[in-house]
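All of the numbers you see were taken from the coordinates with simple rules; none came from a lab. Just so it is clear, the model here is predicted, and its values are computed rather than measured. Because the Cβ atoms are built from the backbone with ideal geometry, glycine has one as well, and the counts that use them run over all protein chains shown.
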Amino acid sequence: MHLIIGLGNPGEKFRGTRHNIGREIVIAAQKHFGLPEFTQKPVLHSLISEGRIGKEKVTLLLPETFVNKSGTAVAPAMRAGKIKLRNLILIHDDVDMLLGRTKLSYARNSGGHKGVESVMRAVKTKNFWRMRVGVQKKRRVPGEDLVLQKFKGDEISIVKKITKKSLTAIEAVARADSERAMNEYNA
């Protein structure tokens, strides 16, 4: 079983912001793969959807904490689902990568992302998969000023392409074809 987590802030006012791209990719995965609607799991501080991608069991998780507290949702979900670390996939924004760039990696440092740091503290390791999605503008904006900005104009079509690419990578990782996923997602 894989646990696929989309980092982002809960609530309508954060929808469409750069910080929420991971959350929105996981919502797109739920629809794309025909998984059940998300349901509230207060004990896990999350919304979850459980089903299969192909033959593989997956749990999609949207923390209902703010990004910087994501570990408080991830660790209990891992324990409840008896998830192995190699089956944890964290999808999140990366302010150091340009919009349109993506990177799938395993066992890497947080890169200063507070949500990723929270997850690493909660699970006591960095040994899990991360799908980093670039959100930076061509004319660099400091991260703290950037993450709550909404995508506009031609950026929206780039986000759609990234989402489609991410769905392919999610499917490959869920099917335990991480090498193929890295080759496609990191291209």
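The figures follow:
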{"read-out": "Solvent-free Debye scattering, log10 I(q)/I(0), computed from the Cα coordinates of region 2-185 at q = 0.09, 0.10, 0.16, 0.18 Å⁻¹", "value": "-0.27, -0.33, -0.91, -1.19"}
{"read-out": "Distance between modelled label sites at residue 161 and residue 186, nm, 7 Å Cα→Cβ extension", "value": "2.1 nm"}
{"read-out": "Projected label distance in nm at residue 79 and residue 105, using a 7 Å step from Cα toward the beta-carbon", "value": "2.9 nm"}
{"read-out": "Cα-centre dipole for the chain with unit charges at Cβ (Lys and Arg positive, Asp and Glu negative), debye to 20", "value": "240 debye"}
{"read-out": "Long-range HN-HN contacts of residue 94 with modeled amide H, under 5 Å", "value": "133, 134, 135"}
{"read-out": "Dipole of the chain, positive direction: furthest Cα of 104, 80, 66, with charges on the beta-carbon", "value": "104"}
{"read-out": "Long pairs among 13/138; 137/164; 55/114; 69/164, criterion Cα-Cα beyond 30 Å", "value": "55/114"}
{"read-out": "From phi via Karplus (6.51, -1.76, 1.60), per-residue ³J(HN,Hα) for region 36-44 in Hz, x at Gly/Pro", "value": "x, 4, 5, 10, 6, 10, x, 5, 9"}
{"read-out": "Kyte-Doolittle mean at least -1.0 and Cα axial length at least 27 Å: DSSP H helices in the chain", "value": "154-174"}
{"read-out": "For residue 46, residues with placed amide H under 5 Å, excluding near neighbours", "value": "41, 64"}
{"read-out": "Order of 1, 131, 120 under a 10 Å beta carbon neighbour criterion, fewest first", "value": "1, 120, 131"}
{"read-out": "Top positive-direction residue, dipole computed over region 2-185 with Cβ charges, set 123, 149, 168", "value": "123"}
{"read-out": "Relative contact order (%) - criterion: Cα under 8 Å, at least six apart; region: the chain", "value": "26 percent"}
{"read-out": "Of 19, 159, 95, farthest towards positive along the dipole that unit charges on Lys, Arg, Asp, Glu beta carbons give region 2-185", "value": "95"}
{"read-out": "Cα-centre dipole for region 82-183 with unit charges at Cβ (Lys and Arg positive, Asp and Glu negative), debye to 20", "value": "160 debye"}
